[in-house]
């Protein structure tokens, strides 16, 4: 084998995608020292997204001081990739780790996320990839929009920066400055959930409690997002109320679409497009992917399915190395998976097997490569 591509998801609770790639690559080079191994760690939009992209295609991490979740100054960053692509983790400026035990979602803002975008735009980026995940906010992305020049006014005609608690005060939105700022820059938002903006499956109801919202606060936040959606529809003409994925990251999914003209895209599709996966496949002999457990859920837009659809089209074998193999696997082979192997050598509870995951992965890969050779 002359060229092998590694594109695994993380093994939740045991190994990151970068760690899985490292173990696989070491085993392959032990048997095939001359082989070209291309590592593509998978990012899902949350914490670690920038590092995963930098590992996959190179580039640099740009440090920037911005407003944090409560408008305090924090040290944040974004990734600068070849081709003038900026990758922004919203969690770097508005993430739960930044608030610690002070979880007051109604006061939290995404303003710093917009400041990261502004910094990247000033430096001439041609495309912005926004990763959603791990947010402490529920402001519908209004803070980020305000940082890029959006003007929100209340009933008294006063400008203000809405947070979750004040979304219902919005009566008008002016995006003129945002449009000038973005120009022709393409925006793509990594979003792996399909929650709508409001309701029982909406941003506030599903994710609000983990950000510190009690039942009464969830109701207030939900009403605020519904009001924001109505103003957006009337002022901007964008209908985000029932948009799948609008509820991601406290309504940031809706905000990126309405305020930045972004498209919502599955994380794996964003990764594949950004790293030029189709081009990488052209002279590849084999692709290895995997995740903690593969089952019928893996065929619903997750990493393995996204990779399989591309490898099948290119006629390149795809081997999945996983922690556990669940039910409903027939569809995986139909979608393009060539074979699936579990790394677990003997039956045991997850807690007992987890500490040996790297060792078990290395042994499984060793046997697979021996077979292929």
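Quick notes on this one:
- Cβ-derived FRET efficiency at R0 22 Å, residue 244 paired with residue 210, nearest 0.05: 0.55
- Among 291, 359, 269: highest mean-square fluctuation, GNM of the chain, C-alpha pairs under 10 Å: 359
- FRET efficiency, residue 273 to residue 352 (Cβ-Cβ, R0 30 Å, nearest 0.05): 0.15
- Per-peptide average of other Cβ atoms within 10 Å, ordering 212-222, 192-202 highest first: 192-202, 212-222
- Share antiparallel - DSSP beta bridges, the stretch 49-267, percent rounded to 5: 55
- DSSP bridge orientation in the stretch 1-119 - percent antiparallel, rounded to nearest 5: 75
- Taking all pairs of distinct alpha-carbon atoms in the stretch 1-134, Kirkwood radius in angstrom: 16.1
- The angle between the Cα long axis of helix 17-31 and the longest principal axis of the Cα atoms of the chain comes to about 20 degrees, rounded to the nearest 10.
- Quotient of Cα Rg and 2.2 N^0.38 Å for the stretch 49-267, N being how many residues it contains: 0.92
- Kirkwood radius, the chain, all distinct C-alpha pairs, inverse of mean reciprocal distance: 21.5 Å.
- For 181, 352, 36, the sequence from fewest to most other C-beta atoms within 10 Å is 352, 36, 181.
- In a fully extended conformation the segment linking residue 234 and residue 283 would gain 12.6 nm over its present Cα-Cα distance, using 0.36 nm per residue.
- Top of 184, 360, 138 by mean-square fluctuation, Gaussian network on the chain, Cα under 10 Å: 184
- Considering only the chain, percent of DSSP beta bridges that pair antiparallel, nearest 5: 35
- Per-residue Cβ neighbour rank within 10 angstrom, fewest leading, 333, 111: 333, 111
No value in this document is a laboratory result; all are computed from the given coordinates. Because the structure is predicted, anything quoted here is derived from the model rather than measured. We place every Cβ from the backbone using ideal geometry, glycine too, and count neighbours over all the protein chains shown.
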